[in-house]
Every structure is written in structure tokens, then in C-alpha cells.
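Q: Input: one structure, supplied below.
The values are calculated or read from the model by the stated rules, or taken from the named source; none is laboratory data. As the structure is a prediction and not an experimental result, all values here were calculated from the model. A quick note on method: Cβ atoms are made from the backbone with ideal geometry, for glycine too, and the neighbour counts reach across all protein chains shown. Heads up: the accessible areas ignore ligands, DNA and RNA and are worked out on the full protein's heavy atoms, side chains in. Shrake-Rupley method; radii C 1.70, N 1.55, O 1.52, S 1.80 Å.
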Amino acid sequence: MSVSWSTRPHRILPPVSDQVLADHASAAFAEAFSDAPQGVWVAPGRANLIGEHVDYVGGRVVPFALPYATAVAVRIRDDDVVRCTSTGPQPDWTGRVGDVGPGSPAGWAGYAAGVVWAMAYHDTIARMPGIDIAVSSTVPQGAGLSSSAALECAVALGVAELSGVATDDTGRAVLARDCATAENVVVGASTGLMDQSVSLRARAGHAMVLDCAVGGVDHVALDGVNPKLALLVINTNAPHRLVEGGYGRCRALVEQACARVDRRVLHAVGDVQDMVDLATLGAHHLRRPLRHVLTEFRRVDVAVDRLRAGELAAVGPLLTASHRSLRNDLQVSSVELDLAVEAAVGAGALGARMIGGGFGGSVLALTEVDRIPVVAETVLRAAREAGMPEPRFLAATCAAAARRVY
Ligand code: ADP
Ligand code: MG
């Protein structure tokens, strides 16, 4: 897939080819384990075009796979030893199959080894084998681009292929469930199924419309729909200022708010103003969370319609409206995210919004290709002047789902 527009401005993190990334993982494997892997798999990070904080209440989300990915080199062992090494800042981990389960191991190996445990837990594979895993990645960690799912999904696909488990789209839906179990149960992070689903089931050049109520997946063209426009990820590089448990608290409010309204209301067809009026029906402290959900459901509907009609430009204002809703009604934004959105839109982007659970991470901006340098420079300058960390920029083209490299 072409990402030529993205590599021109020097500040944009250049995507790395599968081969190069796989070679890194393979070299890390050889160094750590003095052996060759049985294979190397890569799985992408993701951005979510629109549909935030609606996945866990049965909404539709529109994520796509990024051209930044995690490679894992794997060898299944015939004993019960489990070894994980990463070219990232994480220390190596060595343990035994029996050490892997709910809440264990702590740290990053919970994502890698935890997936193999979850695959056995769900009977996707007969039992958890011993395994050696080496990881190399271009997905920034903790930036809201789902480096965690990329790691899980690359491991899952590798273990599935080495175990003769189906990896067609239906098989991948099963693997996404297993990866989410690893993250929820082994790591103990409360996440939905979106990140793992898109990393395993995305289609190059397309965004994926995931209906979280029924798990249905549809693909809608995004790259090349309007060659004059591009999506840009702005990683604010700001620490996750997690007001402890902020995501969980917000999620609980949203779930409570939605539990009080009829599902037909949630999925009602109406314009955004109708939704705002409906939201006043709820209990006082649940009104704003409900208003976010109701209006975000509508924004997703309109965005998908516009995309299908090839009108990418029309999605811009929906992104900015989604950001406002996340900032004002859910209060999950941060000063760095707000500043990046404001600066990007001020510099002529058609729209921008925070992506991911919030409280830090990244912004996705839709802009004319020609304006990318101006948007990037303006965002950088704004961050510098505010004394904030330097943002990094990533090319938000739509990559393919997880795949074997060799
Ligand atoms: P995000 O998914 O937004 O990047 P998370 O906090 O969900 O943020 O996941 C980041 C965690 O995933 C890291 O702290 C680490 O434990 C694990 N992780 C991701 N990528 C790697 C990697 N390449 N090597 C080791 N651990 C990784
Ligand atoms: Mg994550």
C-alpha cells in the first residue's frame, strides 16, 4: 500500500516494511534464544475514525489498521517453559505454563503469554504449550494506537497457524475474542473487542465498520476515496494522566445511562438534535453520558453513509463534533488532546478528534494532503508554546490485517 504522501514531511514516523520488522523480531529471537523461530507474524496497531466510548454499549465503531505493526517471532516448545523477549524497553520474562493465568504474569508478558493461555482456556487450542516469543514493534506504546492488541494478535495468529487452527475471517473473530480475554483476564485491563477485531480482520485501504452489538463486520473504502485528503495521527506523547480509574468510571456511567433507555431509543433514527432532546430524559448525572452515546451513534451512522457515498470531506466536521462530545459530555479529553485538535483545525484541517479511551494518547485529523506540513507545524508550535511534550506524527493510511511474513 502506498504511503508516499506520509513520508515526505520529515516529522512523520516512517512506516517500516513487514520484512524489515520481521527481521528485527527474528534477530531478537536468535539473540535471546540461540535458535531460529518457526515463523514471524505481524499485526497492526489501529486508529478509530469515529465511534468512541460506544463499543461497550453495542454501538458501531469505524476503526482501521495502521501501517505501524508489531512483529512476533515464535517457536512452540515441547516442554512447559515460556520465554518472552522484546526489543522495546521491557525486560525479558521467563516462566512456566503454570505461571500464566488470571492476573499473571504481571507486566508485558501477560499480553504475550496471556494470549496463548486464553486460546487454551477457550479451547481454540487443546492446551497451552511452552513457547518462545520475541517481539519488535513500530507501534508507539501507550499512545492509544493499541500496541497491546497488535502484540496479542500477532501472537494469536502465529500460535493458531502453528497449531493448525483456522485463520479465515471466522477463525480470526475467535482469535480476537481470545486476545480480548487475555487482556481482560490475564492483564486485568477493561477493554472491549474493537482493537483486536480490527487488527485481525481489517482490509487494506478500508475502514472496518464493526457492529459491537452483534459482532458483524463490514468494510468501507477509505484510502483513495478522495486523493486530495489524508488522515494524520498526532501522538501527543503526553503521559496518560489517568485520574485513577478514569476510563472505568466513565464506562460505568455510560453503561448506567444506556441501561435506563430502551435499546430502540439508542438505535433510533433521528437527527442529532432529536438525540440531544432524548438525552434530557435521563437522570441528571447520566444526561451528559447519554447525550454523548446518542449523538455519537448518529455521527457514526452519518459518517458511514458519507463514506459509502465517497464523501470523505463530510466526515471532517463529524470528527470535531465527536471530540467536543468526548470533551464536554464525557470529560475524557486532556489539555494536550484539546490543544492538538484546536491547533489542527485552526491550521485548516477539516476535522480532528481524540481517539481511544481518553485521558491522553492521540488525535486523528482529516486534512488536505497539501496542508499536512502546515497542520503538523502548527500543532508542534502550539505544544511547544504551551510547554507540552513534542507531539509525533504518524501516517494514518489503512493497512492490512495481521499476516505471516515468513
Ligand atoms: P496502547 O495499547 O494504547 O499502546 P496499552 O497500555 O493498552 O496502550 O498497552 C501498552 C502495553 O502493551 C505496554 O505497556 C506493554 O506492556 C505492552 N506492549 C505493547 N507493545 C509491546 C512491545 N513491543 N514489547 C513489549 N510490550 C509491549
Ligand atoms: Mg491497549
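Q: So what does HIS267 come to for accessible area, using a 1.4 Å probe and Å² rounded to 10?
A: Answer for HIS267: close to 90 Å² accessible.
Q: For the chain, what is the mean residue ellipticity at 222 nm derived from helices alone (per DSSP H run of n ≥ 4: -39500 (n - 2.57); sum divided by total residues; nearest 500 deg cm²/dmol)?
A: Helix contribution divided over all residues of the chain: -11500 deg cm²/dmol.
Q: Using only the C-alpha atoms of segment 229-395, find the volume of their convex hull and express it per residue in Å³.
A: 108 Å³
Q: Can you give the relative contact order of segment 229-395 as a percent, counting alpha carbon pairs under 8 Å and 6+ residues apart?
A: Relative contact order, segment 229-395: 35 percent.
Q: Related question: Please list, ordered by chain and number, the residues whose modelled amide H lies under 5 Å from the amide H of SER86; skip anything fewer than 5 residues away on the same chain.
A: Those qualifying (amide H under 5 Å, at least 5 residues apart or on another chain) are VAL135.
Q: Provide the solvent-accessible area of VAL335, counting protein heavy atoms only and rolling a 1.4 Å probe, rounded to the nearest 10 Å².
A: Its accessible surface works out to 90 Å², give or take rounding.
Q: When the chain is fully extended, how far beyond the present Cα-Cα distance does ARG263 get from ALA314, taking 0.36 nm per residue of separation?
A: Answer, rounded to one decimal: 15.6 nm.
Q: Also, quick follow-up: Using a 10 angstrom cutoff on alpha carbons, build the Gaussian network for the chain and name the most mobile of GLY205, GLY357, GLY164.
A: Between GLY205, GLY357, GLY164, it is GLY164 that shows the largest mean-square fluctuation.
Q: State, to one decimal in nm, how far the label point of ASP338 lies from the label point of ALA204, with both points 7 Å from Cα in the Cβ direction.
A: Roughly 4.2 nm, to one decimal.
Q: How much accessible surface area, in Å² rounded to 10, belongs to the heavy atoms of SER136 with a 1.4 Å probe?
A: 10 Å²
Q: Looking at the calculated P(r) for the chain, what percent of the C-alpha pair distances fall above 38 Å?
A: Within the chain, distances greater than 38 Å cover 18 percent of Cα pairs.
Q: Report ³J(HN,Hα) in whole Hz for each residue of segment 101-108, in order, from the Karplus equation J = 6.51 cos²θ - 1.76 cosθ + 1.60 where θ = phi - 60°; Gly and Pro get x.
A: x, x, x, 8, x, 6, x, 5
Q: Within the chain, which DSSP H helices have Cα atoms that stretch 15 Å or more along the helix axis and a mean Kyte-Doolittle hydropathy of at least -1.0?
A: Sorted by number, the helices that extend far enough and score high enough are 18-33, 109-121, 147-162, 169-181, 246-259, 287-308, 335-346, 372-385.
Q: Moving on. What distance in nm lies between label points placed 7 Å from Cα along the C-beta direction at GLU385 and GLN38?
A: 5.7 nm
Q: For segment 229-395, with every protein chain kept in place, what is the accessible area per residue (1.4 Å probe, Å²)?
A: 42 Å²
Q: A follow-up question, please. Could you work out how far apart the two model spin labels at SER17 and THR94 are, taking each label as a point 7 Å from the Cα in the direction of the beta carbon, and quote it in nm?
A: 3.5 nm
Q: Show me the trypsin sites (Lys or Arg not before Pro) within segment 63-94 that DSSP assigns to loop and that have at most 11 other Cβ atoms within 10 Å of their Cβ. Write out the running numbers ahead of the final one.
A: Working: sites: ARG75, ARG77, ARG83; in loops: ARG77.
Passing sites in segment 63-94 do not exist.
Q: Leaving ligands, DNA and RNA out of it, rank ILE76, ILE355 by accessible area with a 1.4 Å probe, largest first.
A: Details: ILE76 45, ILE355 0 Å².
Result of the area sort, largest leading: ILE76, ILE355.
Q: Oh, and also: Carbon and sulfur: what percent of segment 75-162's accessible surface (1.4 Å probe)?
A: That fraction is 47 percent.
Q: Taking only C-alpha pairs under 8 Å that are 6+ residues apart, what is the relative contact order of segment 324-406 in percent? Could the numbers behind the result be given before it?
A: Numbers: 94 pairs, mean separation 20.0, N = 83.
The value is 24 percent.
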